[in-house]
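Report on the structure given below.
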Ligand code: F1P
């Protein structure tokens, strides 16, 4: 929460309730396509941002893993913005993709933890987080701080494009400033999640489901569990479950459902019912309203505060990170130094 608050403070002007980005020497309103490129957890932060840019700023977004992007022949629009996200700012695939886009005349923006990194130096627009170095290998606070920067950037685009008026901008800023307190409220569930971890630790496979901007959280939750507890996990868009993964469901596959209440909730409830009808054990992560509506037949529930959709991905990152952490502790794996993983993948 502290580093998310610091990050937000550097992109928002709380007194004036405005979004304030570093000086930009290009015309933001002329940008009609954004290409996001990143790896791992940073890629999932980018995928959340795709939803935000499209929803709030109505800018179409392409997104790709840097490890794919650099080996295909991507079609880049003239004058487009290429946005790179990286904790280290040194990931080889992401840096190579950045250099390719630069040669193609794209405006280069990067969201990095390290303002002196190679990616930072090559960018036209540097958007640092205030996450500081991660203690372990797996990216955690970098993710929530990246989301904080990207939410401010999406709001800035929307303001510049005239899609958010002064009042709407103030409301968005207010909600973003609530994020650190909501993250603290989410962290209060630490003990409860530690107990629940014993239900997940024996599993061989775990499925994570989410919709909209919370779908990338399902991917990130699955990645964190794989990275530090070595349990096979998959993240899916809730509505995609019936197109394949439903075949995996039985009483041995826990299904973690990330579903804040709201317009998409009903749909997710019917996906949960499909799981439960096949003996699947659901862990529902939702707010009070969602849990009252659909928590009854779940194996476990984790109650998040009710939050604005723009900050839900930041807040819901906490329970999925805590769950992965406690499952790893229950299994006795090395949380800070997971096998086979490098802090910065530079080859
Ligand atoms: C990307 C990344 C991390 C992951 C691990 C390996 O790094 O995939 O998300 O946690 O450390 O590298 P970065 O480009 O964000 O530094």
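Please treat every number below as a calculation from the coordinates, not as lab data. Model, not experiment: these values are computed from the prediction. Backbone-built Cβ (ideal geometry, glycine too); neighbour counts: all protein chains shown.
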Note: segment 2-185 at 10 °C, 1.306 mPa s; Kirkwood Rh on alpha carbon pairs; Stokes-Einstein D in µm²/s works out to 97 µm²/s
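Per DSSP helix of 4 or more residues, -39500 (n - 2.57); summed, then divided by the residues of the chain. What does that give at 222 nm, rounded to the nearest 500? Each step should come with its number before you reach the end.
Numbers: 12 runs with 153 residues, N = 347.
Dividing the helical sum by the residues of the chain leaves -14000 deg cm²/dmol.
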Averaging sequence separations of C-alpha pairs under 8 Å and six or more residues apart, then dividing by the length of segment 229-281, give the relative contact order as a whole percent.
49 percent
Once you keep just the Cα pairs under 8 angstrom separated by 6 or more residues, what percentage relative contact order results for segment 188-331?
30 percent
Antiparallel content of DSSP bridges confined to segment 2-185, in %, to 5
10 percent
Note to self: C-alpha centroids of segment 217-240 and segment 135-181 sit apart, in Å, by 24 Å
Rounded tilt (10° steps) of 92-103 against the dominant C-alpha axis of the chain
30 degrees
Comparing 45, 317, 277, which has the greatest mean-square fluctuation in the GNM of the chain with Cα pairs linked when under 10 Å apart?
277
Note on segment 188-331: alpha-carbon gyration tensor, axes a ≥ b ≥ c; rule is a/c under 1.5 for rounded, else prolate if a/b larger than b/c, else oblate; result rounded
Helix axis angle, 40-56 relative to the chain longest principal axis, alpha carbon, degrees:
70 degrees
Express as a percent, rounded to the nearest 5, the fraction of DSSP beta bridges in segment 188-331 (both residues included) that run antiparallel.
0 percent
Highest GNM mean-square fluctuation among 24, 291, 228, for the chain with Cα springs under 10 Å, belongs to 24
Relative to the longest principal axis of the chain, what angle (0 to 90°, nearest 10) does the C-alpha long axis of helix 265-277 take?
40 degrees
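Within the chain, what percent of beta bridges assigned by DSSP are antiparallel, to the nearest 5?
Around 5 percent of the beta bridges assigned by DSSP in the chain are antiparallel ones.
Sort the following peptides by mean Cβ neighbour count (other Cβ atoms within 10 Å, averaged over residues), highest first: 28-36, 322-330.
By packing density, highest mean first, the sequence is 322-330, 28-36.
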Which of these, 306, 267, 141, has the largest mean-square fluctuation under a Gaussian network model of the chain (Cα springs below 10 Å)?
267
May I ask you to derive the relative contact order of the chain, considering only C-alpha pairs under 8 Å and at least 6 residues apart, and to give it as an integer percent?
19 percent
